[in-house]
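Enquirer: First the structure, then my questions, so here it is.
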Amino acid sequence: MLNFDFYNPTQILFGQGRIADLNKVIPASAKVLLLYGGGSIKTNGVFDEVMAALGSRQVTEFTGIEPNPSYETLMKAVALIKESQIDFLLAVGGGSVIDGTKFIAAAALFEGNDPWAILEKRGTNITQALPFGTVLTLPATGSEMNSGAVVTRKSINAKLAFSSRHCFPKFSVLDPAKTYTLPVRQIGNGAVDAFVHVMEQYLTYPVNSPVQDRFAEGLLKTLIEEGPKALANPHDYDVRANLMWCATMALNGLIATGVPQDWATHMIGHELTALHGIDHAQTLAIVLPSMLRVRKEAKRAKLLQFAERVWDLHEGDDDTRIDTAISRMQDYFEQMGVKTRLRDYGLNSSHISTLISALETHRMVALGEKRDVTPVISQQVLELSL
Ligand code: NZQ
Ligand code: ZN
């Protein structure tokens, strides 16, 4: 096992009716900025519950944080904070609202000229951030219990990530019943995103880490079992609860302890979103199956473990079991309603060179657990995904 630091200070308030407990975890004197997206929280009752829990606190609203939150929109919230006396941020929504709030929290106290530098330096230049909490409405990203965020600058087609230990939520409220109103597309996206988060931390090479491996395999098997049930029975509380906790556990740092990490699929996926507007999880479903096929030799030992323990494949030779496991995973993505080919999203071979140039512009030229995913390898992966 590799050496590691594990730090995660986020308090989780899990279960039905927990939004009311915002009253206990937000200081009574707080001047709150309530941040949300395109309005789903207004139609499904979440907004009303949050406002009731906030009681007599002074609340200002900032609405319109879009999927794949943009620097352009987020900077408007930073300006609002500087004009008002806000001292606590509350993000209510999915990963985009939470990520956007992390950037706003850091940008509001950033000492440099332009907070875009936070993205350019991947968050290493953050020294402080406003305190914030979250109410999660879409299980997928794990943003509710981690310190990372991804921000898009539309004017230059850049989608970049940052992280900082100053950007953990103080708390996150996870009420599975609040996910009943998710559209089918977002249920599928959420399960696939969480699945790929586990894979980025699990499917590398062995370092004798059975605890982390078995946690990871448990999360993968749970997503495989529960995901389709959420599509079939959208109001099954237990299914939603298991999916929600799974997505949080998939990217809160626990399964990353002491193991190598890949993330090449995510970095290529971010370029697909920045250039073509494809949903985050859709990009992962396109890239990961080909990524595993192209890098089969380097990942052979873990692919065999994945085949045996996650897909219960015990028959046939090694290559057959590996190939079957990758195909089963791709079938699962499709079963969750997430298409896995570039052509499914209207893209063809003519789009690949621009994607590779974007990776180079963003210095994504040595990706993966062994830093051997060069632009040439990324190109092979995308060509195999056509
Ligand atoms: O904007 P509203 O009206 O709220 O609608 C949203 C949005 O249109 C809707 N939605 C959310 N909860 C709902 C709901 N609709 C009905 N009922 C509900 N309960 O769902 C749509 C998508 O929301 P979004 O927040 O964009 O989705 P997701 O949670 O998948 O977040 C995606 C973003 O997170 C980033 C992605 O890159 C992308 O920008 N990621 C963040 C990570 C992190 N911080 O650790 C890691 C991930 O790998 C990922 O990169
Ligand atoms: Zn992701």
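Enquirer: Which residue out of 130, 90 is in contact with a strand residue (DSSP E or B) (Cβ under 7 Å, 6 or more places away or on another chain) and either assigned to a strand (DSSP E or B) or exposed (fewer than 15 other Cβ atoms within 10 Å of the Cβ) (or both)?
Expert: Numbers: 130 fails: either assigned to a strand (DSSP E or B) or exposed (fewer than 15 other Cβ atoms within 10 Å of the Cβ) (or both).
The match here is 90.
Enquirer: For residue 370, indicate whether it is assigned to a loop (DSSP other than H, G, I, E, B), closer than 24 Å to residue 260 by Cβ and of a type in the set (D, E, K, R).
Expert: Numbers: assigned to a loop (DSSP other than H, G, I, E, B): yes; closer than 24 Å to residue 260 by Cβ: yes; of a type in the set (D, E, K, R): yes.
Considered against the rule, which asks whether it is assigned to a loop (DSSP other than H, G, I, E, B), closer than 24 Å to residue 260 by Cβ and of a type in the set (D, E, K, R), residue 370 comes out as yes.
Enquirer: Could you please let me know if residue 172 is among the polar types (S, T, N, Q), modelled with pLDDT of 95 or more, more than 18 Å from residue 33 (Cβ to Cβ) and more than 16 Å from ligand 2 (Cβ to nearest atom)? Even if it seems obvious, please write down each step before you answer.
Expert: Details: among the polar types (S, T, N, Q): yes; modelled with pLDDT of 95 or more: yes; more than 18 Å from residue 33 (Cβ to Cβ): no; more than 16 Å from ligand 2 (Cβ to nearest atom): yes.
Considered against the rule, which asks whether it is among the polar types (S, T, N, Q), modelled with pLDDT of 95 or more, more than 18 Å from residue 33 (Cβ to Cβ) and more than 16 Å from ligand 2 (Cβ to nearest atom), residue 172 comes out as no.
Enquirer: Take residue 250 and decide whether it is within 12 Å of ligand 1 (Cβ to nearest atom) and in contact with a His (Cβ under 6 Å, 6 or more places away or on another chain).
Expert: On the way: within 12 Å of ligand 1 (Cβ to nearest atom): yes; in contact with a His (Cβ under 6 Å, 6 or more places away or on another chain): yes.
Here the answer is yes, as residue 250 does meet what is asked.
Enquirer: Quick check on residue 378: is it among the small types (Gly, Ala, Ser), more than 30 Å from residue 183 (Cα to Cα), out of contact with any Cys (no Cβ under 8 Å at 6 or more places or on another chain) and buried (at least 20 other Cβ atoms within 10 Å of the Cβ)? Walk me through how you get there before you give the answer.
Expert: Numbers: among the small types (Gly, Ala, Ser): yes; more than 30 Å from residue 183 (Cα to Cα): yes; out of contact with any Cys (no Cβ under 8 Å at 6 or more places or on another chain): yes; buried (at least 20 other Cβ atoms within 10 Å of the Cβ): yes.
It is true that residue 378 is among the small types (Gly, Ala, Ser), more than 30 Å from residue 183 (Cα to Cα), out of contact with any Cys (no Cβ under 8 Å at 6 or more places or on another chain) and buried (at least 20 other Cβ atoms within 10 Å of the Cβ).
Enquirer: Further question on the same structure: One residue is enough: does the range 298-313 have a residue meeting the conditions within 16 Å of ligand 1 (Cβ to nearest atom), assigned to a helix (DSSP H, G or I), touching a residue at least 12 places away in the same chain (Cβ under 8 Å) and closer than 23 Å to residue 368 by Cβ?
Expert: Taking the range 298-313 first, the residues within 16 Å of ligand 1 (Cβ to nearest atom) are none.
No, the range 298-313 contains no residue that is within 16 Å of ligand 1 (Cβ to nearest atom), assigned to a helix (DSSP H, G or I), touching a residue at least 12 places away in the same chain (Cβ under 8 Å) and closer than 23 Å to residue 368 by Cβ.
Enquirer: Next up: Filter the range 304-325 down to residues that are buried (at least 21 other Cβ atoms within 10 Å of the Cβ) and out of contact with any Asp or Glu (no Cβ under 9 Å at 6 or more places or on another chain), then give me how many there are.
Expert: Going through the range 304-325 one residue at a time, the tally reaches 1.
Enquirer: Take the range 160-193 and flag every residue that is more than 8 Å from ligand 1 (Cβ to nearest atom) and in a helix (DSSP H, G or I).
Expert: 165, 166, 167, 176, 177, 184, 185, 187, 188, 191, 192
Enquirer: Here is a further query. For residue 138, state whether it is part of a loop (DSSP other than H, G, I, E, B) and within 12 Å of ligand 1 (Cβ to nearest atom).
Expert: Working: part of a loop (DSSP other than H, G, I, E, B): yes; within 12 Å of ligand 1 (Cβ to nearest atom): yes.
Answer is yes for this residue.
Enquirer: Please specify each residue of the range 178-197 satisfying the condition of being among the aliphatic types (A, V, I, L, M) and farther than 13 Å from residue 141 by Cβ. Step through it out loud before you land on a result.
Expert: Of all residues in the range 178-197, those among the aliphatic types (A, V, I, L, M) come to 182, 184, 187, 191-192, 194, 196.
If the condition is that a residue be among the aliphatic types (A, V, I, L, M) and farther than 13 Å from residue 141 by Cβ, then 182, 184, 187 are the ones that fit.
Enquirer: Touching a Cys at 6+ places or on another chain (Cβ under 9 Å), within 16 Å of ligand 2 (Cβ to nearest atom) and among the basic types (Lys, Arg) - does that describe any residue in the range 94-117?
Expert: yes
Enquirer: Moving to a separate point now. Collect the residues in the range 191-243 that are in contact (Cβ under 8 Å) with a residue 60 or more places away in the chain, buried (at least 20 other Cβ atoms within 10 Å of the Cβ) and among the β-branched types (Val, Ile, Thr), keeping them in residue-number order.
Expert: 192, 196, 204
Enquirer: Quick test for you: out of 241, 264, pick the one residue that is within 20 Å of residue 289 (Cα to Cα) and modelled with pLDDT of 95 or more. Steps first, answer last, please.
Expert: Values: 241 fails: within 20 Å of residue 289 (Cα to Cα).
So the residue among 241, 264 that is within 20 Å of residue 289 (Cα to Cα) and modelled with pLDDT of 95 or more is 264.
Enquirer: Related question: When you scan the range 244-290, how many residues do you find that are within 17 Å of residue 333 (Cβ to Cβ) and not acidic (Asp, Glu)?
Expert: Number satisfying all stated conditions: 21.
Enquirer: Now a separate question. Filter the range 270-303 down to the residues that are closer than 23 Å to residue 183 by Cα and of a type in the set (Ser, Thr, Tyr), then identify the one that is surrounded by the most Cβ atoms within 10 Å (Cβ to Cβ). Quick ask: steps written out before the conclusion?
Expert: Start the filter on the range 270-303 by keeping residues that are closer than 23 Å to residue 183 by Cα, which leaves 270, 272-274, 276-286.
Of the ones still in play, those that are also of a type in the set (Ser, Thr, Tyr) are 273, 283.
On the way: 273: 19, 283: 28.
Out of the qualifying residues, it is 283.
Enquirer: Which fully enclosed helices (runs of 4 or more DSSP H) of the range 4-65 have 3 or more residues being in contact with a helix residue (DSSP H, G or I) (Cβ under 6 Å, 6 or more places away or on another chain) and not aromatic (Phe, Trp, Tyr)?
Expert: Numbers: elements: 22-25, 40-43, 46-54.
In the range 4-65, the matching helices (runs of 4 or more DSSP H) lie at 46-54.
Enquirer: OK, next. Within the set of pairs 6 or more residues apart or between chains, which connect a residue that is in contact (Cβ under 8 Å) with a residue 24 or more places away in the chain inside the range 372-386 to a residue that is surrounded by fewer than 15 Cβ atoms within 10 Å (Cβ to Cβ) and of a type in the set (D, E, K, R) with Cβ atoms less than 7 Å apart?
Expert: Cβ pairs passing all conditions: 386/343.
Enquirer: What is the number of the single condition among (1) at pLDDT 95 or above; (2) under 27 Å from residue 52 (Cβ atoms) that residue 119 does not meet?
Expert: (2)
Enquirer: For the range 95-119, which residues satisfy the criterion of being out of contact with any Leu (no Cβ under 8 Å at 6 or more places or on another chain) and not in a helix (DSSP H, G or I)?
Expert: Those that are out of contact with any Leu (no Cβ under 8 Å at 6 or more places or on another chain) and not in a helix (DSSP H, G or I): 110, 111, 112, 113, 114, 115.
Enquirer: Going through 100, 15, 95, 37 one at a time, which residue ends up being in contact with a Ser or Thr (Cβ under 6 Å, 6 or more places away or on another chain) and either of a type in the set (A, V, I, L, M, F, W, C) or surrounded by 14 or more Cβ atoms within 10 Å (Cβ to Cβ) (or both)?
Expert: Details: 100 fails: in contact with a Ser or Thr (Cβ under 6 Å, 6 or more places away or on another chain); 15 fails: in contact with a Ser or Thr (Cβ under 6 Å, 6 or more places away or on another chain); 37 fails: in contact with a Ser or Thr (Cβ under 6 Å, 6 or more places away or on another chain).
On inspection, the qualifying residue turns out to be 95.
The values are calculated or read from the model by the stated rules, or taken from the named source; none is laboratory data. Just so you know, these numbers come straight off a predicted model, no measurement behind them. A quick note on method: Cβ atoms are made from the backbone with ideal geometry, for glycine too, and the neighbour counts reach across all protein chains shown.
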